[in-house]
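Student: Here you go, one structure.
The values are calculated or read from the model by the stated rules, or taken from the named source; none is laboratory data. All figures in this text were calculated on a predicted structure; none of them were measured in a lab. So basically every Cβ, Gly included, is an ideal-geometry build from the backbone, and we count neighbours across all protein chains shown.
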Amino acid sequence: MITTLTYETGLALTDLAIVLAVVFTAGLIRGFAGFGLSAVVMAGVAILIPPVELIPMCYLLEGAASLAMFRGGMAHANMKIVWGLVICSAIGMPIGLLATTNIDVALSKKLALSLILALTLAQFFRLRPKFLATPKGLYASGLTAGIATGLASVGGMVIALYVLAGDTPPKQMRASLVMFLCISMVTSLVWLVAYDVMTTQAVWRGVLMSPVVLLGVFAGIWLFRPAYEHLYKNACLLLLTLLSATGLISQML
């Protein structure tokens, strides 16, 4: 069993254990915060696996998490906003993928970690540009989210910034993020296949790790309590800051 896992994922046993631990943690965060799964995976594993290989794996893990959280998302999400974000994100994603597939691996790691760190700090310090609360802000946020997804699979972080700028109630914010990530799976798959990054190995990694991420998601859903949402979010952002900063420093050294 272990031999099969290491062979199909292309990871040494120690690296596989690290990836599984990060994936479970990412699922836990996604379950109670509604976003952050791909950001945690990318920040925690980019030093072991190139971002261009992580993007399709994150796609499959996000898909498993989205299906698990779909019902609750539909009930409370602002679907008008969600569709605007999804359409603009679909336009931006090929731009990010074009950059990711044409730059050096070491540079792509630094770029992905820097993007995660910048988005995390923006959320941590609650930056709320008034521009985001306008129709143009909606379209710009969706386009930027698509580019960020193509670069480092962290479009959800951009959407979280957009939703935060509108003082959305925590339950609606969480639900809107869930629905955006769920619906955008369709357009994302088209671009991943078009750019030939959805490899057999990426599929194996995503499929084999989906049960682990789902365990984390269900644990996160169980732990979610609206009254403590702010505590959960700060904890997630602190973890993302530490992971991305540590990974970036290691890359620089």
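Student: Is there a residue being closer than 19 Å to Pro56 by Cα, assigned to a helix (DSSP H, G or I), at pLDDT 85 or above and over 17 Å from the mean Cα position of the chain (by Cα) anywhere in region 143-162?
Tutor: Among the residues of region 143-162, not one is closer than 19 Å to Pro56 by Cα, assigned to a helix (DSSP H, G or I), at pLDDT 85 or above and over 17 Å from the mean Cα position of the chain (by Cα), which makes the answer no.
Student: Give the residues of region 10-66 that are closer than 19 Å to Leu223 by Cβ and of a type in the set (D, E, K, R), sorted by residue number.
Tutor: Arg30 - this is the single residue of region 10-66 that is closer than 19 Å to Leu223 by Cβ and of a type in the set (D, E, K, R).
Student: Same structure, new question: Hey, any hits in region 140-148 for a residue that's surrounded by 14 or more Cβ atoms within 10 Å (Cβ to Cβ), of a type in the set (Val, Ile, Thr), in contact (Cβ under 8 Å) with a residue 60 or more places away in the chain and within 23 Å of Met185 (Cα to Cα)?
Tutor: We begin by selecting, within region 140-148, every residue surrounded by 14 or more Cβ atoms within 10 Å (Cβ to Cβ); these are 140-148.
Now narrow it down to the ones that are of a type in the set (Val, Ile, Thr): 144, 147.
Adding the requirement that they be in contact (Cβ under 8 Å) with a residue 60 or more places away in the chain leaves none.
So far as region 140-148 goes, no, none of its residues is surrounded by 14 or more Cβ atoms within 10 Å (Cβ to Cβ), of a type in the set (Val, Ile, Thr), in contact (Cβ under 8 Å) with a residue 60 or more places away in the chain and within 23 Å of Met185 (Cα to Cα).
Student: Check region 26-46 and report whether any residue there is over 16 Å from Ile116 (Cα atoms) and surrounded by fewer than 17 Cβ atoms within 10 Å (Cβ to Cβ).
Tutor: No, there is no match, as no residue in region 26-46 is over 16 Å from Ile116 (Cα atoms) and surrounded by fewer than 17 Cβ atoms within 10 Å (Cβ to Cβ).
Student: Phe125 versus (1) more than 30 Å from Ile249 (Cα to Cα); (2) free of Cβ contacts under 8 Å to residues at least 24 places away in the same chain; (3) of a type in the set (A, V, I, L, M, F, W, C): which is the lone unmet condition?
Tutor: (1)
Student: Next question, about the same structure. Can you say whether Ala235 is under 29 Å from His76 (Cα atoms), small (Gly, Ala, Ser), surrounded by fewer than 16 Cβ atoms within 10 Å (Cβ to Cβ) and modelled with pLDDT of 75 or more, as far as the supplied structure shows? Please lay out each step first, then the result.
Tutor: On the way: under 29 Å from His76 (Cα atoms): yes; small (Gly, Ala, Ser): yes; surrounded by fewer than 16 Cβ atoms within 10 Å (Cβ to Cβ): yes; modelled with pLDDT of 75 or more: no.
No; evaluated as a whole, the condition is false for this residue.
Student: Determine whether Gly27 is over 14 Å from the mean Cα position of the chain (by Cα), at pLDDT 90 or above, closer than 16 Å to Ser153 by Cα and part of a helix (DSSP H, G or I). Don't jump to the end; show me each part of the working.
Tutor: Details: over 14 Å from the mean Cα position of the chain (by Cα): no; at pLDDT 90 or above: yes; closer than 16 Å to Ser153 by Cα: yes; part of a helix (DSSP H, G or I): yes.
Criteria not met by Gly27.
Student: While we're looking at this one, here's another question. Would you check which residues across region 185-199 are touching an Asp or Glu at 6+ places or on another chain (Cβ under 9 Å) and either at pLDDT 90 or above or part of a helix (DSSP H, G or I) (or both) and list them?
Tutor: Within region 185-199, the subset touching an Asp or Glu at 6+ places or on another chain (Cβ under 9 Å) is 185, 188, 197, 199.
Answer for region 185-199, where residues must be touching an Asp or Glu at 6+ places or on another chain (Cβ under 9 Å) and either at pLDDT 90 or above or part of a helix (DSSP H, G or I) (or both): Met185, Ser188.
Student: Any idea which residue in region 4-24 is nearest to the chain's Cα centre (by Cα), counting only those that are polar (S, T, N, Q) and closer than 17 Å to Ser210 by Cα? It would help to see each step written out before you state the result.
Tutor: If we filter region 4-24 for residues that are polar (S, T, N, Q), which is where we start, we get 4, 6, 9, 14.
This time we only want the ones that are closer than 17 Å to Ser210 by Cα, so: 4, 6, 9.
Numbers: Thr4: 27, Thr6: 24, Thr9: 20 Å.
Among those that are polar (S, T, N, Q) and closer than 17 Å to Ser210 by Cα, it is Thr9.
Student: Taking only region 55-87 into account, find how many residues are at pLDDT 90 or above, farther than 18 Å from Ala194 by Cβ and crowded, with 19+ Cβ neighbours inside 10 Å.
Tutor: 1
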